[in-house]
Structure formats: structure tokens, C-alpha cells
Amino acid sequence: MEITRNKFISTVLLAVLVTAAVTVCIQSALIYFHKDPRVVANVYFYEGTGADAVLIGESGNLITNLGENRTLLALNGTATQLQAIAVGNESSIDQTDTGLTTEATTSGFGRVACNVTAAWMNSGDYSLNYTASFDATATIAVNSAILCWSTTPSAQDAYAISFLTDGTQHQFPSGSRLTVVWAITSNCN
């Protein structure tokens, strides 16, 4: 049996088209069933010290656009570690925010370096706690916080932003302490 040139070209084109169609189907299936990694955070606000500390607010947070971009950089090993928490008063928070417009820099509530601890690890998932304490040297009111890369006051480097509760200001009299615990949980499954 002799294969003509037209049959040969038709067979090759059919094989290429079938291969391309199968490849597209496989890629579509992989995308459909793929679960993106999630980074979820919870923010806890305590007033007082040691065993006398009282939870005064618990809030979710909003990961900023800058934070999302830096998360991508962290996945390829080129991002700087998160290292500070700052507090302030915001009328609103938005994903486009890069910092606090009213960051506290006085009364003992300036930006503070965090203590970072691994809360738990399980099969590729993990939680890190970022903790910072602020000791009031004068009465100060705050309603919001940011988790950031720099300890430089007012630097525009917010990974995430959060209200203390519903955005209402909370008064801290001189001698009181605010402790912020920011729990970052990564689910890579």
C-alpha cells in the first residue's frame, strides 16, 4: 500500500491537532482542579501585661496589594521578612493602602519590632505569630494596625492592615500596654 503525499500530510496534521487538543484539555483540567495557596491572617489585641492581659479586640485583616506582591516574591525567595507592627487611627482601610496615614509615633506607641514564633506546622501548612507590645507613656487612642517589613516610622510597607475591632478608637491611658498578636497562616494544600 502506497501512502500518498496528501494522506501523509493529512495524517501528520490530524496527529498535531489531536495532540494540541489533548494538551489543552489536560492544561484546563489542571487549572480547574488546582487550589491556589492561601495566606490568611488573624489579629488579636490585648490590653494589660502577663496573666492580666485582656483580649480587647479580634479582627481579620486585609492583605494589601503590596503584601500580595511580596507574597509572590517570598515564594521565589527574594522577599524581605516581615518584622514590625505599627498602630494608628484610620477612617477606613483599603487593599491599596501601603501604610497608616495616621501612624502613631509618640506616647510609646511608635512602630515596634516583632517577636516571631512558629505557632504550628503540619504537612506543609504553618502558622507564624508576630507579636509586638506598646507601652503608653501618655494617653493615646488607636483603632488600627499594620504588619510591615520595616521598623522605620511611617514607612509605606504594609503587608496587611487591620482595624482593632470595628474601627472605633480605643483609649490607652499612660502606663497601659497594648499587645498585638498577628497570626499568619499559610495553607499550601
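The values are calculated or read from the model by the stated rules, or taken from the named source; none is laboratory data. The shown structure was predicted, so the numbers you read here are calculated from the model rather than taken from an experiment. Here Cβ is always computed from backbone atoms with ideal geometry, including for glycine, and neighbour counts include all displayed protein chains.
Restricted to region 169-189, and to residues there that are modelled with pLDDT under 85 and among the hydroxyl-bearing types (Ser, Thr, Tyr), the residue that is farthest from Asp52 (Cα to Cα) is Ser186. Cβ-Cβ distances below 8 Å connect the following pairs, each with a first residue in region 102-129 that is free of Cβ contacts under 8 Å to residues at least 24 places away in the same chain and within 19 Å of Val43 (Cβ to Cβ), a second residue that is in a loop (DSSP other than H, G, I, E, B) and not polar (S, T, N, Q), and a separation of six or more residues or different chains: Thr102/Glu90.
Would you be able to say whether some residue in region 25-35 is out of contact with any helix residue (DSSP H, G or I) (no Cβ under 7 Å at 6 or more places or on another chain), under 21 Å from Tyr126 (Cα atoms) and at pLDDT below 85? Even if it seems obvious, please write down each step before you answer.
To start, the set of residues in region 25-35 that are out of contact with any helix residue (DSSP H, G or I) (no Cβ under 7 Å at 6 or more places or on another chain) comprises 25-35.
Checking which are under 21 Å from Tyr126 (Cα atoms) leaves us with 34-35.
Keeping just the survivors that are at pLDDT below 85 gives 34-35.
Yes, region 25-35 contains a residue that is out of contact with any helix residue (DSSP H, G or I) (no Cβ under 7 Å at 6 or more places or on another chain), under 21 Å from Tyr126 (Cα atoms) and at pLDDT below 85.
Which is outside any strand (DSSP E or B), modelled with pLDDT under 90 and either surrounded by fewer than 11 Cβ atoms within 10 Å (Cβ to Cβ) or touching a Cys at 6+ places or on another chain (Cβ under 8 Å) (or both), of Thr80, Thr19?
Values: Thr80 fails: either surrounded by fewer than 11 Cβ atoms within 10 Å (Cβ to Cβ) or touching a Cys at 6+ places or on another chain (Cβ under 8 Å) (or both).
From the options Thr80, Thr19, the qualifying one is Thr19.
Taken over region 38-76, the criterion of being closer than 22 Å to Asp94 by Cα and at pLDDT below 70 is satisfied by Arg38, Val39, Val40, Ala41, Leu72, Leu73. Here the strands (runs of 3 or more DSSP E) wholly within region 107-189 that include at least 3 residues being touching a strand residue (DSSP E or B) at 6+ places or on another chain (Cβ under 9 Å) and surrounded by fewer than 14 Cβ atoms within 10 Å (Cβ to Cβ) are 115-122.
Residue-wise test of (1) over 18 Å from the mean Cα position of the chain (by Cα); (2) closer than 26 Å to Ala53 by Cα; (3) in the same structural domain as Leu62 (by TED's automatic domain parsing).
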position: Val87; (1), (2), (3): no, yes, yes
position: Ser91; (1), (2), (3): yes, no, yes
position: Gly99; (1), (2), (3): no, no, yes
position: Thr106; (1), (2), (3): yes, yes, yes
position: Thr117; (1), (2), (3): no, yes, yes
position: Ser123; (1), (2), (3): yes, no, yes
position: Thr131; (1), (2), (3): no, yes, yes
position: Asp135; (1), (2), (3): yes, yes, yes
position: Ser154; (1), (2), (3): yes, no, yes
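Just wondering, is there one or more residues in region 124-145 that are small (Gly, Ala, Ser) and modelled with pLDDT under 90? It would help to see each step written out before you state the result.
First, pick out the residues of region 124-145 that are small (Gly, Ala, Ser): 124, 127, 132-133, 136, 138, 141, 144-145.
Then drop every residue that is not modelled with pLDDT under 90, which leaves 124, 127.
Yes; the residues of region 124-145 include at least one that is small (Gly, Ala, Ser) and modelled with pLDDT under 90.
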